[in-house]
Amino acid sequence: MRDVDVVVIGAGQAGLSGAYHLRRAGLEPGRDFVVLDHAPRPGGAWQFRWPSLTYGKVHGMHALPGMELAGADADRPSAEVIGAYFAAYEDAFGLRVHRPVDVRAVREGEGGRLLVETSEGDYATRALINATGTWDRPFWPRYPGQETFRGRQLHTVDYPGPGEFTGQRVIVVGGGASGTQHLMEIAEVAADTTWVTRRPPVFREGPFDEDAGREAVAMVEERVRLGLPPRSVVSVTGLPLNDAVRAARARGVLDRLPMFDRITERGVAWNDGRSVEADVILWATGFRPVIDHLAPLRLREPGGGIRIEGTRAVKDERVHLVGYGPSASTIGANRAGRSAVREIKRLLERGPSPEPTPTLSPRRLSTSSDSR
């Protein structure tokens, strides 16, 4: 058992931002706070991106606080560019990230502290920054007949790049940025591609300015305030209409079909009699927040999400979630890290925490629900 003031879980953009601001606030890495990371090396979720996603194709990568990412080769894989940048950042600020470390559970400890149970031992902490992101929890929809499909099914998390799909018939499911990127790459080498989405895709013309950004973040914040599972900021901004997307639309690559009703041995089918045969179904259907380790604290609301104010969990002021909901973007994660540390510093200055008082669930007050 080790006693620290703050435990940071996760060393992606949000976790490193939180660690940076903790150090600026006067806390010493390794003594006053510790950063635990599940990944085998620096880079957060970026290190797992497919090789064909070069740095020049990345949408909106914002630099970490205090150190710019300069002179990056646009043709180099983003996993390499951002992985090297994160590694240099950790070294520059002496953040001493512990990895690979699995956090198994966070529960109530003694003396008003939280008990963080991990694969390298337990930590007793006065505050927690949870920056676990979503990459380790890919979302797989379920459809009738899915188990009968004789071809290959994979998710974005396992996407190897377009080369493995040469000469194959591929169905890409999902209307987000990853889905369109996969589709445009695969269409160059596949025998045939089909794009299927649950909702008609929305393509965004022109620049994404500050007003549009604030509006998108506000939509995600509203869900979080209601205790609903957050939608990503990207999901409410639409798809940028750049030259590559325009060209793909002109070639018919981005001609979308509505969601199929069932999966067959040879492909997919709709109730109106249509069907498409395929060798591969690629699910570009997004991710869900990695927060199961927080379950012992009973932070979830009846709607399924964790209600937060700023970054602080409404049910427990010791717990801050960064990179969650409205801060699930690179610039949002930076701002959330700073905000979380500001509140944590005030908490630490109050002295040892009293035993927490149980809070009543607002179940009877909730009028919203969300089905997955």
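Computed from the coordinates by the stated procedures, all read-outs in this text should not be read as laboratory data. What you see is a predicted model; the values in this text were computed from it and never measured. When we count neighbours, we look across all protein chains shown, and the Cβ atoms used for this are built from the backbone with ideal geometry, even at glycine.
Worth pointing out:
- Per-residue [θ]222 nm for the chain (sum of -39500 (n - 2.57) over DSSP H runs n ≥ 4, rounded to 500): -7000 deg cm²/dmol
- Each peptide among 125-132, 168-175 gets the average number of other Cβ atoms lying within 10 Å of its residues, and from highest to lowest they stand as 125-132, 168-175.
- Cα extents for the chain along the principal axes, largest to smallest and rounded to whole angstrom: 66, 53, 41.
- The angle between the Cα long axis of helix 330-349 and the longest principal axis of the Cα atoms of the chain comes to about 20 degrees, rounded to the nearest 10.
- Cα long-axis angle, helix 177-186 against the chain (0 to 90 degrees, to the nearest 10): 40
- Radius of gyration and Dmax over the Cα atoms of region 48-131, both given in Å: 17.3, 53
- Distance distribution note for region 1-159: the fraction of Cα pairs above 28 angstrom is 32%.
- Signed unit charges on C-beta, dipole axis of the chain, positive-most listed residue M259, W135, L27: M259
- Cβ crowding within 10 Å averaged over residues, with 62-68, 315-321, 304-310 ranked highest first: 315-321, 304-310, 62-68
- For the chain, the relative contact order works out to 22 percent when only alpha carbon pairs closer than 8 Å and six or more residues apart are counted.
- Relative protection proxy for 79-91, 98-110, from highest mean packing down: 79-91, 98-110 (other beta-carbon atoms within 10 angstrom).
- Looking at region 1-93, the pairs of alpha carbons with a distance over 14 Å make up 65% of the total.
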